[in-house]
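Report on one structure; see the data block that follows.
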Amino acid sequence: MPVNSSFTPLELMRLPLASALREEFVGRPISSLRTPAIIIDRAAFKENCAQMGAKVEGLGMHFRAHIKTHKTAEGTRLQIAGGARKLVASTMPEVWGVLQDGITAEDIDDILLSLPISADRMEDLNDAQEKAGAIVIRVMVDHAQQVEHLAAAAKRLGRTVPWSVFIKVDGGGKRAGAPPRSAQMDALLQACKAEPAIEIFGFYSHFGQSYASRTLDQAGQFYAGEIDCVNDAAARAIELGLSGNWILSVGATPTAHAAALGARAPGGLNGTLELHAGCYCLNDLQQDATSLVREGGLALTVLATVVSKYPERDGGEVMTDCGALGVSKDTGPVPGFGRVVSKGHEGWTLGRVSQEHGVLTRVVGAKEIEIGEQVRIVPNHACLTCACHPWFYVVEGASDEIVDVWVPWKGW
Ligand SMILES: Cc1ncc(COP(=O)(O)O)c(C=O)c1O
């Protein structure tokens, strides 16, 4: 069934909530917060965006920023200020949020909804396009049936412009996408070719497997691999008789970092290369493990309170109020669920989590932590950690003072 409502109840609640939260918290020290609480260092966030934008511009490429990590107006505007004129969103509330926040075609060219498109989103998308004016809302397809749904919706809605689609290419990650040389890709390309209500804007890859990189060289190899995969899909389209000035969009934070740090892209491609990333604005332990995050680039921590101690357990453990609902259960290459980074408490790890309980374990030599103390923890995965919290407290650099509160666009 088509769904047609461009304002979720959560969205209607968000703005008054944000101003009430600002009134309550701005100017207070983070030590006065109820925990667990997300703390975003806005200076680090801004610098991550600025550095990525400047480096990508230096390469003569366009940059597409995924906004799903934080899902906030404030974060999106910092990504745009860093040079991103193209956005990717995971949900309709993110798309509506951008439009309702007053971001216009002067700021961005387009928003791509990144999940393969489903029939129940067509009314929403069409409605969003009407609100978006000159900002183009693009959609992702990876199966011929989605083309049928788009064509049927174009007819039903009386659309006069074709849907602009990215073809999602699977380069081996086996998440969304069709492999470049596959029956599924051929059927999809043929369906697009035959359907005037569809226009292929480009080919898109998200190389999640690049999270395994530990060096620039390894990330550079993933970068080359994903360029090859979208380029091959475009080559297949040409073989099937399609043509266009296509965008070849590649990225994930490790491969985007690799490109920004000098990994080379081949020439002679079947389209114009564009880079995308999302997590780069905040970073986390998964990104840190790639060795490509700049010094000072970890912009997200979770503040937790120590609520108990167990000195007789292995080397002594302490209990915090930051469990799986504070950081998520995402794992990473570093054992545990987060690393304590508070000065004087280095060497402690969020070793075990259950729903609201988070046990800190320590390496030999780490200093005692007392009941009532607060610690700041860098989580494994910023995107899922942000999703655990109703809003984020914002500080500037090393200062403890809250300067803003960001309320994310929740829901679907
Ligand atoms: C479709 C798509 N594009 C881009 C990204 C951004 O990847 P990252 O968070 O590694 O920057 C993601 C993340 O999952 C994604 O799903």
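The values are calculated or read from the model by the stated rules, or taken from the named source; none is laboratory data. No experiment lies behind these values; they were computed from the predicted model shown. Cβ atoms come from the backbone with ideal geometry, glycine included; neighbour counts cover every protein chain shown. The area values use the complete protein model at the heavy-atom level, side chains included, leaving out ligands, DNA and RNA. Shrake-Rupley method; radii C 1.70, N 1.55, O 1.52, S 1.80 Å.
Looking at region 70-86, which of its residues are over 17 Å from Phe45 (Cα atoms) and out of contact with any Lys or Arg (no Cβ under 7 Å at 6 or more places or on another chain)?
Residue satisfying the conditions is Arg85 alone.
Exactly one condition in (1) part of a loop (DSSP other than H, G, I, E, B); (2) at pLDDT 95 or above is false for Ala304; which is it?
So Ala304 meets the others, but not (1).
State which residue pairs qualify: first residue hydroxyl-bearing (Ser, Thr, Tyr) and inside region 162-191, second residue within 16 Å of the ligand (Cβ to nearest atom) in any location, beta carbons under 8 Å apart, and separation of 6 or more residues or different chains.
Short answer, once both residue conditions are applied: Ser164/Asp110; Ser164/Ile137; Ser164/Arg138; Ser164/Val139; Ser164/Phe201.
Tell me yes or no: at least one residue of region 58-67 is open to solvent by less than 40 Å² (accessible area, probe 1.4 Å), more than 30 Å from Met319 (Cα to Cα), assigned to a helix (DSSP H, G or I) and among the small types (Gly, Ala, Ser).
no
Yes/no matrix, rows are residues, columns are (1) buried (at least 17 other Cβ atoms within 10 Å of the Cβ); (2) in contact with a Phe, Trp or Tyr (Cβ under 7 Å, 6 or more places away or on another chain); (3) part of a helix (DSSP H, G or I); (4) of a type outside the set (Lys, Arg):
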site: Val364; (1), (2), (3), (4): no, no, no, yes
site: Ile369; (1), (2), (3), (4): yes, yes, no, yes
site: Ile377; (1), (2), (3), (4): yes, no, no, yes
site: Cys383; (1), (2), (3), (4): yes, no, yes, yes
site: Tyr393; (1), (2), (3), (4): yes, yes, no, yes
site: Gly411; (1), (2), (3), (4): no, no, no, yes
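Is it true that Gly220 is at positive phi, of a type outside the set (A, V, I, L, M, F, W, C) and away from the ligand (no atom under 15 Å from the Cβ)?
No.
Just one of the numbered conditions (1) touching a strand residue (DSSP E or B) at 6+ places or on another chain (Cβ under 6 Å); (2) crowded, with 19+ Cβ neighbours inside 10 Å; (3) under 22 Å from Arg159 (Cβ atoms) is not true of Asp109; which one?
Exception for Asp109: condition (2).
Rundown of residues vs (1) within 21 Å of Ala398 (Cβ to Cβ); (2) touching a Leu at 6+ places or on another chain (Cβ under 6 Å), yes/no style:
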{"position": "Leu292", "(1), (2)": "no, no"}
{"position": "Glu295", "(1), (2)": "yes, no"}
{"position": "Ser308", "(1), (2)": "no, no"}
{"position": "Asp314", "(1), (2)": "no, no"}
{"position": "Val318", "(1), (2)": "no, yes"}
{"position": "Val327", "(1), (2)": "no, no"}
{"position": "Gly336", "(1), (2)": "no, yes"}
{"position": "Val340", "(1), (2)": "yes, no"}
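For region 359-391, name all the residues that are under 25 Å from Thr290 (Cβ atoms) and either acidic (Asp, Glu) or touching a helix residue (DSSP H, G or I) at 6+ places or on another chain (Cβ under 9 Å) (or both).
Of everything in region 359-391, those that are under 25 Å from Thr290 (Cβ atoms) and either acidic (Asp, Glu) or touching a helix residue (DSSP H, G or I) at 6+ places or on another chain (Cβ under 9 Å) (or both) turn out to be Arg376, Ile377, Val378, Pro379, Asn380, His381, Ala382, Cys383, Leu384, Thr385, Cys388, His389.
Considering only region 271-305, state which residues are away from the ligand (no atom under 12 Å from the Cβ), over 19 Å from Lys46 (Cβ atoms) and in contact with a Phe, Trp or Tyr (Cβ under 7 Å, 6 or more places away or on another chain).
Gly271 - this is the single residue of region 271-305 that is away from the ligand (no atom under 12 Å from the Cβ), over 19 Å from Lys46 (Cβ atoms) and in contact with a Phe, Trp or Tyr (Cβ under 7 Å, 6 or more places away or on another chain).
Which ones in region 247-272 are crowded, with 23+ Cβ neighbours inside 10 Å and assigned to a loop (DSSP other than H, G, I, E, B)?
Gly251, Ala252
With the structure loaded, tell me whether Thr255 is β-branched (Val, Ile, Thr), over 14 Å from Val141 (Cβ atoms) and more than 11 Å from the ligand (Cβ to nearest atom) or whether it fails that test.
It is false that Thr255 is β-branched (Val, Ile, Thr), over 14 Å from Val141 (Cβ atoms) and more than 11 Å from the ligand (Cβ to nearest atom).
Can you confirm whether Val327 is hydrophobic (A, V, I, L, M, F, W, C) and in contact with a helix residue (DSSP H, G or I) (Cβ under 7 Å, 6 or more places away or on another chain)?
yes
Need the failing condition index for Ser243 against (1) away from the ligand (no atom under 16 Å from the Cβ); (2) open to solvent by less than 20 Å² (accessible area, probe 1.4 Å); (3) polar (S, T, N, Q), just the number.
The single condition Ser243 does not satisfy is (2).
Which residues, counting only those in region 330-355, are free of Cβ contacts under 8 Å to residues at least 40 places away in the same chain, surrounded by 14 or more Cβ atoms within 10 Å (Cβ to Cβ) and of a type in the set (D, E, K, R)?
Hits for region 330-355 are Glu346, Arg352.
Does Phe222 fit the bill of being touching a strand residue (DSSP E or B) at 6+ places or on another chain (Cβ under 7 Å) and either assigned to a strand (DSSP E or B) or farther than 30 Å from Ala105 by Cβ (or both)?
Answer is no for this residue.
Of the numbered conditions (1) away from the ligand (no atom under 16 Å from the Cβ); (2) open to solvent by 20 Å² or more (accessible area, probe 1.4 Å); (3) among the charged types (D, E, K, R), Glu317 satisfies every one except a single condition; which is it?
Status for Glu317: all satisfied but (2).
Just wondering, is there one or more residues in region 216-235 that are out of contact with any Cys (no Cβ under 9 Å at 6 or more places or on another chain), open to solvent by 10 Å² or more (accessible area, probe 1.4 Å) and β-branched (Val, Ile, Thr)?
Within region 216-235, not a single residue is out of contact with any Cys (no Cβ under 9 Å at 6 or more places or on another chain), open to solvent by 10 Å² or more (accessible area, probe 1.4 Å) and β-branched (Val, Ile, Thr).
Considering only residues that are out of contact with any Cys (no Cβ under 8 Å at 6 or more places or on another chain) and in a helix (DSSP H, G or I), look in region 35-51 and name the one that is surrounded by the fewest Cβ atoms within 10 Å (Cβ to Cβ).
Ala50
List pairs: first in region 233-261 and over 24 Å from Gln221 (Cβ atoms), second within 10 Å of the ligand (Cβ to nearest atom), Cβ under 8 Å, 6+ apart or cross-chain?
none
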